[in-house]
Amino acid sequence: MNSSRETAAGIVQRLQAAGFTAFWVGGCVRDFLLGRAPQDFDIATDARPAQVEKLFKKTIAVGRKFGVMVVLEGKEQFQVATFRAEADYLDGRRPEKVVFADARADALRRDFTVNGLFYDPISKKTHDWVGGEKDLRARIIRTIGKPEERFAEDHLRLLRAVRFAAQLDFEIEPQTFAAVKSLAPKISVISAERIRDELLKLFRPPHAARGLALLRDSGLLEHVLPEVTATISCEQSPDYHPEGSVFEHIKLMLGKMPPDADELLPWTILLHDIAKPVTAEKDVQTGAIHFYGHEKIGAAMAQKILERLRFPRKQIDAITACVLLHMQFKDVRQMRKATLRRLLLRETFPLEMELHKLDCLGSHGSLEYYDFLLEQAEELKKKPALRPPLLTGKDLMTLGMKPGPAMGALLHEIRERQLSDELKTSRQAKAWAKKQVTAAQK
């Protein structure tokens, strides 16, 4: 038993010892019964917030009126919520009325049957008031009660149905899926941040490709990522892309991500060819399809999409850089040494490399340029002195040069010569720069 599980069981035990009913609840029970390691443990109880506060030394009242407390044990946090029933969802996001209730009523207010299970870690007994165990065995995502009612309460559940089906490799029960399709436009009511957080979970390996397919089949894709919907009918030249449309290319790439993929990799994949539908041109003579400038237009589109989804600025910059620069990789063998080294030294280079590898594996399959760059990157590791510039603006000022465009141009030239192995030490660079400054002053 891992430490989190032991601690979560200990919280239940302390609540029960004080005379309260308490269970593990929700996703942790689902994952536990499936033999998966739960990401976190949530606890439901008939103890009220004030009673939880008295029982535990460190608590945070994150939602007292909803009965939600956080219990801190060491560095870990556990949500402890009072059994409740909810009513009067007027905005498709949150209830107007919350009343404390019993465990069965608490189960009936939840979203999907597989998330409505309660487990007592002390008696080792599962409590199932919603048919969740049967659906777990059948590998089905089904709403608790009528799908239309559950989705009307919180429209984010439309997206969560797709996410759970992909994540667990389950099927969505037909009536539930029909409701998702008919209510898909309602997802636009949900805040960009909540949609982003669901999409981040949806597009993780190894279920990202199925997640994308389910988004398309459910009708949600056109409401959360309409720009990606446009790739479904965007054909490509079979010589380079035997897989077919841009959408199929993206889906193949998502399916080939490694388990430990960078969290930004799925988004570089989703957006690297996002401008192909708006730049597509077909050669009437050869039939070849071209997408001239799609990387530049794509970077601008990617930025707008990521800003719309409220991504942090640093992540937006990294992803859009990968989109803008991904076409450079086909030219690496012809690059000047300095240009190639600048590429290898980019902060986003590791992410760009993973994108390029999957771009190849999701189309023609050749890793010629990827292997070449791996060799070059290994060579560069043997030359750590190349990483910092040989001179700074402050160094040039000591030579009598004033800040301005000329200084910037000279620093750039020194860096180029450093990366080309023409200048190898700061002393060499300073001597060369002094000659340039002196000549400019004559």
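Is it the case, given these coordinates, that V323 is open to solvent by less than 10 Å² (accessible area, probe 1.4 Å) and either outside any helix (DSSP H, G or I) or in contact (Cβ under 8 Å) with a residue 40 or more places away in the chain (or both)?
It is true that V323 is open to solvent by less than 10 Å² (accessible area, probe 1.4 Å) and either outside any helix (DSSP H, G or I) or in contact (Cβ under 8 Å) with a residue 40 or more places away in the chain (or both).
Taking only the range 202-212 into account, find how many residues are surrounded by fewer than 17 Cβ atoms within 10 Å (Cβ to Cβ) and part of a helix (DSSP H, G or I).
Selection size over the range 202-212: 0.
Considering only the range 274-281, I want to know if a residue exists there that is open to solvent by 40 Å² or more (accessible area, probe 1.4 Å) and modelled with pLDDT under 95.
yes
Read through the list (1) modelled with pLDDT of 95 or more; (2) open to solvent by less than 50 Å² (accessible area, probe 1.4 Å); (3) more than 15 Å from L355 (Cβ to Cβ), then give the number of the only condition that F291 fails.
(1)
Do we have any residue at all in the range 406-415 that's under 23 Å from L344 (Cβ atoms), surrounded by fewer than 17 Cβ atoms within 10 Å (Cβ to Cβ), out of contact with any Cys (no Cβ under 8 Å at 6 or more places or on another chain) and not small (G, A, S)?
yes
I'm trying to understand the selection: among the residues of the range 416-442, which are hydrophobic (A, V, I, L, M, F, W, C), within 23 Å of R387 (Cα to Cα), open to solvent by less than 30 Å² (accessible area, probe 1.4 Å) and part of a helix (DSSP H, G or I)?
Correct list: L419, A429, A433.
Here is a yes/no grid of residues against (1) modelled with pLDDT of 95 or more; (2) within 16 Å of V12 (Cα to Cα); (3) in contact with a strand residue (DSSP E or B) (Cβ under 9 Å, 6 or more places away or on another chain); (4) buried (at least 17 other Cβ atoms within 10 Å of the Cβ):
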site: V70; (1), (2), (3), (4): yes, yes, yes, yes
site: K75; (1), (2), (3), (4): no, no, no, no
site: V80; (1), (2), (3), (4): yes, yes, yes, yes
site: K97; (1), (2), (3), (4): no, no, yes, no
site: F100; (1), (2), (3), (4): no, no, yes, no
site: R109; (1), (2), (3), (4): no, no, yes, yes
site: G116; (1), (2), (3), (4): yes, no, yes, yes
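From the residues in the range 139-192 that are among the polar types (S, T, N, Q) and open to solvent by less than 10 Å² (accessible area, probe 1.4 Å), which one is nearest to G26 (Cα to Cα)?
It comes out as T143.
May I ask you to say which residue of R342, R310 is surrounded by 13 or more Cβ atoms within 10 Å (Cβ to Cβ) and not in a helix (DSSP H, G or I)?
Numbers: R342 fails: not in a helix (DSSP H, G or I).
On inspection, the qualifying residue turns out to be R310.
Taking D395 and the conditions (1) closer than 22 Å to R341 by Cβ; (2) open to solvent by 60 Å² or more (accessible area, probe 1.4 Å); (3) part of a helix (DSSP H, G or I), which numbered condition does it fall short on, given that it satisfies the others?
Of the numbered conditions (1) closer than 22 Å to R341 by Cβ; (2) open to solvent by 60 Å² or more (accessible area, probe 1.4 Å); (3) part of a helix (DSSP H, G or I), the odd one out for D395 is (2).
From G63, G74, which residue is small (G, A, S) and more than 28 Å from I144 (Cβ to Cβ)?
G74
The values are calculated or read from the model by the stated rules, or taken from the named source; none is laboratory data. What you see is a predicted model, and the numbers here were worked out from it, not measured in a lab. For neighbour counting, all protein chains shown are included, and Cβ atoms are generated from backbone atoms with ideal geometry for every residue, glycine included. Note: areas computed on protein heavy atoms with side chains; ligands, DNA, RNA excluded. Shrake-Rupley method; radii C 1.70, N 1.55, O 1.52, S 1.80 Å.
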